[in-house]
Amino acid sequence: MATILIVDDSPTEIHVISQMLTGAGFQVISANDGESGITMAKAEKPNLILMDVVMPGLNGFQATRELSRDEETSSIPVILVTTKDQDTDKTWGMRQGAKDYVVKPVSAELLVEKVKALL
């Protein structure tokens with residue numbers, strides 16, 4: 001069973017996305033900001049990370065860049081899951097090392113499809 005790390009500052013978003021993923025058979029762990037997301041990624045070595053962008057402190061772009069440039073975590077695919085829907089945001093996110101980009105609110109079907117494509 002694959003483990004997915006959700007990094008989001010909204011407990012509601014974590015709950016909703018967790019339900020989608022556990023319903024599809026994934027194990028879910030979560031962190032509520034960029035810093036703890038990086039710490040958890042290093043400690044838990046999840047199979048994939050779903051990263052919000054707009055968070056206090058280290059935002060999702062910064063956290064993704066740090067994860068993708070660190071030898072310890074660079075092999076873990078990151079999907080940015082965010083309300084930021086501009087093409088420039090998507091382009092910037094992919095440049096930071098994200099493997100995919102999903103705009104909230106996301107459907108369970110789309111999210112599970114994108115997660116499975118990267119595992």
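We did not get these values from a lab; they are worked out from the coordinates using the rules stated. What you are looking at is a predicted structure, and each value in this text was computed from that prediction instead of being measured. Neighbour counts are summed over all protein chains in view; Cβ atoms, including those assigned to glycine, are modelled from backbone coordinates with ideal geometry.
Per-structure values
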item: Residue that is farthest from Thr3 (Cα to Cα), among those in the stretch 25-60 that are touching a helix residue (DSSP H, G or I) at 6+ places or on another chain (Cβ under 9 Å) and among the polar types (S, T, N, Q); result: Asn59
item: Pick from the stretch 73-115, criterion in contact with a strand residue (DSSP E or B) (Cβ under 8 Å, 6 or more places away or on another chain) and free of Cβ contacts under 8 Å to residues at least 12 places away in the same chain, ranking: surrounded by the fewest Cβ atoms within 10 Å (Cβ to Cβ); result: Leu110
item: Unmet requirement for Lys45, which otherwise passes all of (1) over 12 Å from the mean Cα position of the chain (by Cα); (2) at negative phi; result: (2)
item: Selected residue (only one of Met40, Met20 is closer than 15 Å to Lys104 by Cα and part of a helix (DSSP H, G or I)); result: Met20
item: Failed item in (1) in a helix (DSSP H, G or I); (2) closer than 21 Å to Leu119 by Cα; (3) among the polar types (S, T, N, Q); (4) over 12 Å from the mean Cα position of the chain (by Cα), with Thr64 passing the rest; result: (4)
item: Selection status of Asp70, in contact (Cβ under 8 Å) with a residue 24 or more places away in the chain, within 20 Å of Ala31 (Cα to Cα), among the charged types (D, E, K, R) and touching a Lys or Arg at 6+ places or on another chain (Cβ under 8 Å); result: yes
